[in-house]
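So the structure is just underneath, and the comments pick up after that.
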Amino acid sequence: MVDLTSVVRPGDGIIWGQACAEPQTLVEALVAQRAQLPGVGVFLGSSYSGIVAPAHADHLRLSGYCGTGTNRALADAGVLDVLPAPYSQLGLLIETRKIRCDVVMVQVSPPNARGEYSLGLGVEYLAPALKVARAVVAEVNERVPWTHTEPVLRKQDFALIVESSRPPVYVSYKPSGIDQAIAENTARFIPQQAVLECGIGALPNAALGALKGRRGLAFHSGAIPDGVVDLELDSCTGGALMGSQRLFDWARENPRVRLRSSDYTHGAATLGRIERFVAINSAVEVDLTGQVNGEVAGGSYVGAVGGALDFIRAANASPGGVSICVLPSKRIVERLSGPVSTPRSEAGVIVTERGAADLRGCTLRERERRLRAISESS
């Protein structure tokens, strides 16, 4: 096992890639050696590996922006300190050391002929972390595809390297019949030549599936899911690949795919230049005024402020664009049971399996009428 104590110091702040970009071998080593590294703080993104468990908070200080995936168990155990910040701010928070990053751990592809290591499956907030970190520890995983990432790295950038050959973390979604019905109701709101954004989850991914056969579409998002593979996209820009081996194979050396920093993918300056921008995001629940809870379900922190609000605001301001919130009808409620993640002032189109409620320009009374019409109680 790699000895992280040669690079990591007690009290350091560590950031690593999230979801499919998680460097599993390095995370396993950190967990195993945590007693030798007291006071180390870890900033977590979404996780589906389950490597970090509540018991590891005996020596590690755990924080993160979300309760997604296996992070929910950490939040339920009270050991995950949640930062409710929009995704567009993470880069600045890292660069100004509001989120501390002394060491960044990355999963990279084997180098190409030019000696360039690709970040492979995710860039996002790793880009600003790489700028400020004292040391970079790399897991060179031969199962990770070389993709067009900004930045790429070279061997001299790494303080420590471990080689591995293991499947990356996969994120799979199996849309239900209700999901498919919601997707069909969503498709009619998506204009020709739209630039699509898709949030995490089965529902937004299903919405992409309803667009098969459309031409002239482009993709600009934080997460890039499996659903893009079957679309004839003109371009695909995102922060991270979050899906199956099929997605990773499609993205390998694909010149249409670019993985970039969250400062770029979620930045207002970038988003403000996009026309016909369509943001498709799910929610825990929506109330009858159009307020969205995307964070807490049944008392558990399961979501995030995340990037939804960045994209929703951009879609609402984009010429020809639209913000779409997709969810089952049973999750339209009288009152939210969690925080307001998206204010009612940003409400666009709400879609369920029972139909769609276009709330743009509607008064509160009209919003309630339209939302009740597509709710379970209708």
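Residue 117 fails exactly one of the following numbered conditions: (1) of a type in the set (Phe, Trp, Tyr); (2) over 20 Å from residue 42 (Cβ atoms); (3) under 20 Å from the mean Cα position of the chain (by Cα). What is the number of that condition?
Here residue 117 clears every test but (3).
Does residue 163 fit the bill of being open to solvent by 20 Å² or more (accessible area, probe 1.4 Å), among the acidic types (Asp, Glu), out of contact with any Gly (no Cβ under 8 Å at 6 or more places or on another chain) and in a strand (DSSP E or B)?
Taking the combined requirement at face value, the residue satisfies it.
Quick one: which residue in 178, 190 is open to solvent by 30 Å² or more (accessible area, probe 1.4 Å), over 29 Å from residue 119 (Cα atoms), modelled with pLDDT of 95 or more and of a type in the set (A, V, I, L, M, F, W, C)?
From the options 178, 190, the qualifying one is 178.
Quick check: anything in the stretch 253-270 in contact (Cβ under 8 Å) with a residue 12 or more places away in the chain, within 23 Å of residue 121 (Cβ to Cβ), surrounded by fewer than 18 Cβ atoms within 10 Å (Cβ to Cβ) and charged (D, E, K, R)?
Checked against the condition, which is being in contact (Cβ under 8 Å) with a residue 12 or more places away in the chain, within 23 Å of residue 121 (Cβ to Cβ), surrounded by fewer than 18 Cβ atoms within 10 Å (Cβ to Cβ) and charged (D, E, K, R), the stretch 253-270 yields at least one hit.
I'm trying to understand the selection: among the residues of the stretch 127-138, which are touching a residue at least 60 places away in the same chain (Cβ under 8 Å) and within 21 Å of the chain's Cα centre (by Cα)?
If the condition is that a residue be touching a residue at least 60 places away in the same chain (Cβ under 8 Å) and within 21 Å of the chain's Cα centre (by Cα), then 127, 128, 129 are the ones that fit.
Is there a residue in the stretch 23-41 that is aliphatic (A, V, I, L, M) and within 26 Å of residue 238 (Cα to Cα)?
So far as the stretch 23-41 goes, yes, one or more of its residues are aliphatic (A, V, I, L, M) and within 26 Å of residue 238 (Cα to Cα).
Quick one: how many residues across the stretch 3-46 are open to solvent by 10 Å² or more (accessible area, probe 1.4 Å), assigned to a loop (DSSP other than H, G, I, E, B) and within 25 Å of residue 93 (Cβ to Cβ)?
Total satisfying the criteria: 6.
Take the residues of the stretch 212-235 that are in contact with a helix residue (DSSP H, G or I) (Cβ under 6 Å, 6 or more places away or on another chain) and not acidic (Asp, Glu): which is surrounded by the fewest Cβ atoms within 10 Å (Cβ to Cβ)?
212
Show the residue pairs meeting these rules: Cβ distance below 9 Å; 6+ apart or different chains; first residue within the stretch 214-230 and within 15 Å of residue 241 (Cα to Cα); second residue among the aromatic types (Phe, Trp, Tyr) and assigned to a loop (DSSP other than H, G, I, E, B).
225/173; 226/173; 227/173
So how many residues does the stretch 250-266 have that are farther than 13 Å from residue 235 by Cβ and touching a helix residue (DSSP H, G or I) at 6+ places or on another chain (Cβ under 6 Å)?
6
What pairs come up if the first residue lies in the stretch 61-76 and is under 18 Å from residue 90 (Cβ atoms), the second is of a type in the set (S, T, N, Q) and crowded, with 18+ Cβ neighbours inside 10 Å, and their beta carbons are under 7 Å apart, counting only those six or more places apart or on different chains?
From residues that are under 18 Å from residue 90 (Cβ atoms), the pairs are 64/71; 66/46; 68/46; 69/46; 69/47; 71/46; 71/47.
Yes/no matrix, rows are residues, columns are (1) surrounded by 15 or more Cβ atoms within 10 Å (Cβ to Cβ); (2) closer than 23 Å to residue 276 by Cβ:
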position: 310; (1), (2): yes, yes
position: 318; (1), (2): yes, yes
position: 361; (1), (2): no, yes
position: 367; (1), (2): yes, no
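Could you tell me which of the residues 29, 85 is touching a Leu at 6+ places or on another chain (Cβ under 8 Å) and closer than 16 Å to residue 295 by Cβ?
Sole residue among the options that is touching a Leu at 6+ places or on another chain (Cβ under 8 Å) and closer than 16 Å to residue 295 by Cβ: 85.
Going by the structure shown, is residue 357 buried (at least 23 other Cβ atoms within 10 Å of the Cβ), of a type in the set (A, V, I, L, M), in contact with a Lys or Arg (Cβ under 8 Å, 6 or more places away or on another chain) and closer than 21 Å to residue 296 by Cα?
Taking the combined requirement at face value, the residue does not satisfy it.
The values are calculated or read from the model by the stated rules, or taken from the named source; none is laboratory data. Fair warning: this is a prediction, and the values are worked out from it, not measured in the lab. Positions of Cβ are generated from backbone atoms using ideal geometry, with glycine treated the same way; all protein chains shown enter the neighbour counts. All accessible areas refer to the heavy atoms of the entire protein, side chains included, with ligands and DNA or RNA removed. Shrake-Rupley method; radii C 1.70, N 1.55, O 1.52, S 1.80 Å.
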